[in-house]
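Here's the structure, in structure tokens; my notes come after.
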Amino acid sequence: LSQISSTETQVALRSAISRAVNLTIDRVQIVSFTERNVTLNETNYQTQVGLVVSIDVINGGEIASGDGTALITMPAANAVTFTAANPKITRSTDIASSSAIAIPTSSLLTTVVKFVTGTTQDYSSDSRTKYTIISGTSLAFISGRSIVADPTSSGNGAITVMVSFPSTFPLLNATVTVQLVTFDRFLLLAYPFPTYASAQPVQSLYQVQCTGKFQRASLDLTGYLSDNTPYSLTGAATFVSSNSSIVAIQTPNILVATQTGQVAISASYSGQSSVVAIRINATSIYVTSLTLSNALVSSTLTGIIGTESTILANAVFSDNTQLTSVAAAPWLSMSDLFTFSSSVPSVVNISSEGVMKLRANYHTSLSITASSQSCGGLLPVVSDVEPIYANLLQNFEGDVDLGSTT
């Protein structure tokens with residue numbers, strides 16, 4: 001038998017030899033392979049396996065036996081790819097491993113060797129593959145092909161693991177680094193509710209205009225790891241008010257103020273807690289700017305007589321907080337904050353709650369005006385105007401489209 005090449009390991013080669021084969025070479029049919037002896041010679045990146053086998057053949061109807069030698073030369077390995085499934089791990093006893101943060105406690109290592117032939121072989125679980133922690137040895141240990149955070153250790157930092165192949169590819173190695181992180185701190189903040197994109201944290205809640213009703217706030221709990229990565233824990237935390245007669249907590253995380261005073265709001269999660277102080281002020285805030293908009297297609301109120309649509313009002317208050325939708329603030333009403341009027345109420349009228357109602361066609365645009373409540377003349381009034389069009393559906397009784405009157 002001539003010399004052949006393979007990228008398979010010695011174990012795989014032996015397994016292949018043990019299988020029965022049925023090949024024809026030069027009209028000689030080989031009906032069985034029997035392994036007689038195996039020798040192993042390893043030098044640098046190249047492995048040579050000498051096999052002495054007994055071959056039974058059928059030649060012209062006669063059975064004969066003979067010995068042959070097959071020399072198998074493994075191709076050289078020239079690179080290794082070494083990766084960790086999880087770039088961060090933590091101890092099983094740390095808050096970072098809890099369900100809301102879910103940092104794993106171990107990281108699976110994968111080792112793939114590349115050969116000069118361009119082929120690759122996964123050596124991750126091969127008994128001849130060696131994993132060694134060369135940095136951060138006090139933080140973790142190797143278990144099988146995984147790096148595991150040591151639950152008895154302390155501190156955090158980088159863990160560097162080296163893979164090597166002392167008996168097969170002694171000059172080949174690679175490293176990968178995994179970070180061991182731990183829980184560091186909580187940050188509990190309160191934001192205006194309903195919240196909006198540019199909202200900033202607040203520590204005081206005020207009365208709104210002359211309604212006698214207070215602003216509300218939503219709580220936000222963030223947990224930070226030792227590498228400063230933030231994780232939202234709001235949905236997993238428990239919130240408690242130090243005085244629920246001043247500020248109650250409406251499920252899940254809304255602060256509802258009922259009278260003036262100061263309270264401490266605490267948030268707890270997995271045995272740790274954080275506190276924020278909230279003051280409820282008797283001072284009133286008022287609307288300083290007002291912007292109207294509508295959800296109408298092409299600003300046209302279309303439909304049958306009686307079709308309705310609610311105007312949208314965005315208010316900015318004197319404390320720089322915003323209310324982008326009164327509908328999202330059910331403890332307030334449009335009439336608490338605004339007054340509305342239509343330039344042609346016989347065509348489109350508008351209720352005190354900002355609901356427009358279609359009455360007739362109109363040949364041009366009309367105006368809807370919203371103004372802030374003056375609270376009996378005590379507050380400055382700001383206004384905004386929104387142009388809209390009125391159009392009854394075609395073929396509906398009362399629908400007459402004559403165009404402009406001029």
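Please list, ordered by chain and number, the residues whose modelled amide H lies under 5 Å from the amide H of residue 146; skip anything fewer than 5 residues away on the same chain. Residues meeting the criterion, in which the H sits 1.01 Å from N, are 109. Each of the peptides 377-387, 145-155 was scored by the mean count of other Cβ atoms within 10 Å over its residues; in descending order, highest first, they stand as 145-155, 377-387. Looking at segment 70-170, the accessible area is 44 square angstrom per residue; that uses a 1.4 Å probe and ignores ligands, DNA and RNA.
Multiplying the sequence separation of residue 174 and residue 369 by 0.36 nm and subtracting their Cα-Cα distance, what value in nm do you get? Let's see the in-between values first.
Working: separation 195, 0.36 × 195 = 70.20 nm, distance 7.14 nm.
Contour length minus Cα-Cα distance gives 63.1 nm.
Modelled this way, with points 7 Å down the Cα-to-C-beta line, the labels at residue 275 and residue 248 are 2.4 nm from one another. In order along segment 132-148, the phi-based Karplus estimate (6.51 cos²θ - 1.76 cosθ + 1.60, θ = phi - 60°) of 3J(HN,Hα) comes to 9, 7, 10, 8, x, 5, 7, 9, 8, 9, 8, 10, x, 10, 10, 9, 10 Hz; Gly and Pro are listed as x.
With 0.36 nm allotted per residue and the present C-alpha distance subtracted, the residue 132-residue 85 stretch has 15.2 nm of extension available. 3J(HN,Hα) along segment 237-245, derived from phi through the Karplus expression 6.51 cos²θ - 1.76 cosθ + 1.60 where θ = phi - 60°, amounts to 8, 10, 10, 9, 9, 6, 8, 6, 6 Hz, with x in place of Gly and Pro. Cβ-Cβ distance of residue 92 and residue 232, R₀ of 30 Å, FRET efficiency by 1/(1 + (r/R0)^6): the value works out to about 0.85.
Starting from the Cα of residue 391, step 7 Å toward the Cβ, then list every residue of segment 297-320 with an amide N under 19 Å from that point. Only 297-310 pass the distance filter.
Note on segment 83-149: Cα-Cα pairs beyond 19 Å make up 42% of the total pair count. Under 5 Å between amide hydrogens, built in the peptide plane, is the criterion, and for residue 349 it picks out 357, 359 among residues at least 5 positions away or on other chains.
Rounded to the nearest Hz, the phi-derived 3J(HN,Hα) couplings of segment 161-168 under the Karplus curve 6.51 cos²θ - 1.76 cosθ + 1.60 (θ = phi - 60°) are 10, 10, 10, 8, 9, x, 9, 10, where x marks glycine and proline. For segment 84-166, the carbon plus sulfur part of the accessible surface works out to 50%, probe radius 1.4 Å.
The values are calculated or read from the model by the stated rules, or taken from the named source; none is laboratory data. Keep in mind that this is a model prediction, so the values were computed, not measured. Here Cβ is always computed from backbone atoms with ideal geometry, including for glycine, and neighbour counts include all displayed protein chains. These area figures cover heavy atoms from the full protein model, side chains too; ligands, DNA and RNA do not enter into them. Shrake-Rupley method; radii C 1.70, N 1.55, O 1.52, S 1.80 Å.
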